[in-house]
Amino acid sequence: LLLHNVLLSWDRGIFMLLSGGLLLDKQEQEGLRLQGQIIVEKSQLKENLFSSEFQEKLFGTVLEYDDKDPVEKNCSFDISLITKDLLQVKTSFLSSKARLDLQLKGTLKKPELLGLIQLVSGSFYFPYKSLDIIDGKLFFVPDQQFDPLMEIVARGKLKRYGVTMHVTGSV
């Protein structure tokens, strides 16, 4: 399946223009295997990236399956998702540009989301003053797909005080 400038709109919070290729292969011993690469050409996200509810809604919906279907039970996948142009993230507390380098692996019964979302620039909005993002990363690691690790540094100035926010840990 070849994709070229396919528009994806999901739940009024995600808009993406996708290209890439996917191959569905059937092996005698292993069953179905879906592999390939999807490139996000242009995109906008209006949801909270850090929210576990959003992550479960996005990835949980994609990964739902019927446990009684023997064809789906044996399906495995290895799909890379990368950005060509930076992802635009706009929420009530965050405006940022992000780069995706994610990989969806495993089986329908046990999916794994691995990789990195990097916040390249932007701001966190707080009641008195915003803080500019200096560096931000969300790491999706095995067995923690809905609770990624994060490292974020943001800075700003409030009156005569310099403020630095450094966040580490899991979401």
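The values are calculated or read from the model by the stated rules, or taken from the named source; none is laboratory data. Source: prediction; values computed, not measured. Using ideal geometry, Cβ is built from the backbone for each residue, glycine included, and neighbour counts are taken over all protein chains shown. Surface areas here come from the heavy atoms of the whole protein model, side chains and all, with no ligands, DNA or RNA. Shrake-Rupley method; radii C 1.70, N 1.55, O 1.52, S 1.80 Å.
Observations
- Within region 147-166, the set of residues being open to solvent by 60 Å² or more (accessible area, probe 1.4 Å) and either small (Gly, Ala, Ser) or in contact (Cβ under 8 Å) with a residue 40 or more places away in the chain (or both) comprises just one member, Gly162.
- Among the residues of region 115-146, those that are part of a strand (DSSP E or B) and open to solvent by 40 Å² or more (accessible area, probe 1.4 Å) comprise Leu116, Gln118, Val120, Ser121, Asp132, Ile134, Asp135, Lys137, Phe139.
- Flag for Thr83 being touching a Lys or Arg at 6+ places or on another chain (Cβ under 7 Å) and either of a type in the set (Phe, Trp, Tyr) or modelled with pLDDT of 90 or more (or both): yes
- Among the residues of region 27-49, those identified as open to solvent by 30 Å² or more (accessible area, probe 1.4 Å) and either in contact with a Cys (Cβ under 9 Å, 6 or more places away or on another chain) or not in a strand (DSSP E or B) (or both) are Glu28, Gln29, Glu30, Leu32, Arg33, Leu34, Lys46, Glu47, Asn48.
- If only residues of region 105-117 that are hydrophobic (A, V, I, L, M, F, W, C) and touching a residue at least 40 places away in the same chain (Cβ under 8 Å) are counted, the one that is farthest from Leu81 (Cα to Cα) is Leu108.
- Neighbours by Cβ (under 9 Å, 6+ apart or cross-chain): first from region 118-145, closer than 20 Å to Leu87 by Cα; second part of a loop (DSSP other than H, G, I, E, B) and open to solvent by 80 Å² or more (accessible area, probe 1.4 Å): Tyr125/Ser92; Leu131/Tyr125
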